[in-house]
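Inspection log for the structure reproduced underneath, given as structure tokens.
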Amino acid sequence: MTRMQLDFTKADGLIPAIIQDAASGDVLMLGFMNDVALAETQRTREVVFFSRSRNRLWKKGESSGHVLKVRDIRVDCDADSLLVRVDPVGPGVCHEGYRSCFFRSLATDGTTQVLDQRTFDPEEIYAQNTKPQETTG
């Protein structure tokens, strides 16, 4: 095995991390990691992102309990993107109440259509907040 040097230089120290359900293959979300978030993800085996809006690390599920248990992490050919295959804990990852953040389709005319049903009520999960805390920033 060779030690991989990831390229954190292209996007202000961040790399995109595509989150995929390891069992179904469904893409659940996209987040960003810096080198510290990646190291914490590797150490805890639960996904940690860098929130661009809050300018800090945040563990996915820190307020909802819907954590993402890491099965494995794959690196793209340019070493500047990750595919994180996970076992999701909870009914969904999207702060809008869906299993996946990719619950809408975009038509050629720019309109969107919701394709999925909500799997949880975000009002119940984020009741103490006026705005959900689990955005990818």
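The set of residues from the stretch 91-109 being open to solvent by less than 50 Å² (accessible area, probe 1.4 Å) and out of contact with any Pro (no Cβ under 8 Å at 6 or more places or on another chain) comprises 92, 93, 94, 98, 100, 101, 103, 105, 107. Entry remark, the stretch 1-54: residues being open to solvent by less than 70 Å² (accessible area, probe 1.4 Å), within 18 Å of residue 76 (Cβ to Cβ) and among the basic types (Lys, Arg) number 0 in total. Looking at the stretch 66-87, is at least one residue surrounded by fewer than 17 Cβ atoms within 10 Å (Cβ to Cβ) and in contact with a His (Cβ under 9 Å, 6 or more places away or on another chain)? Checking the stretch 66-87: not a single residue is surrounded by fewer than 17 Cβ atoms within 10 Å (Cβ to Cβ) and in contact with a His (Cβ under 9 Å, 6 or more places away or on another chain). Here residue 88 fulfils each of the conditions (1) closer than 22 Å to residue 120 by Cα; (2) out of contact with any strand residue (DSSP E or B) (no Cβ under 9 Å at 6 or more places or on another chain) apart from (2). Against the list (1) assigned to a helix (DSSP H, G or I); (2) at pLDDT 95 or above, the condition residue 123 fails is (2).
The values are calculated or read from the model by the stated rules, or taken from the named source; none is laboratory data. Worth saying up front: this structure is predicted, and the values here are computed from it rather than measured. Glycine gets a Cβ as well: all are built from the backbone with ideal geometry, and neighbour counts include every protein chain shown. To get the accessible areas, we keep the full protein, side chains included, count just its heavy atoms, and leave off ligands, DNA and RNA. Shrake-Rupley method; radii C 1.70, N 1.55, O 1.52, S 1.80 Å.
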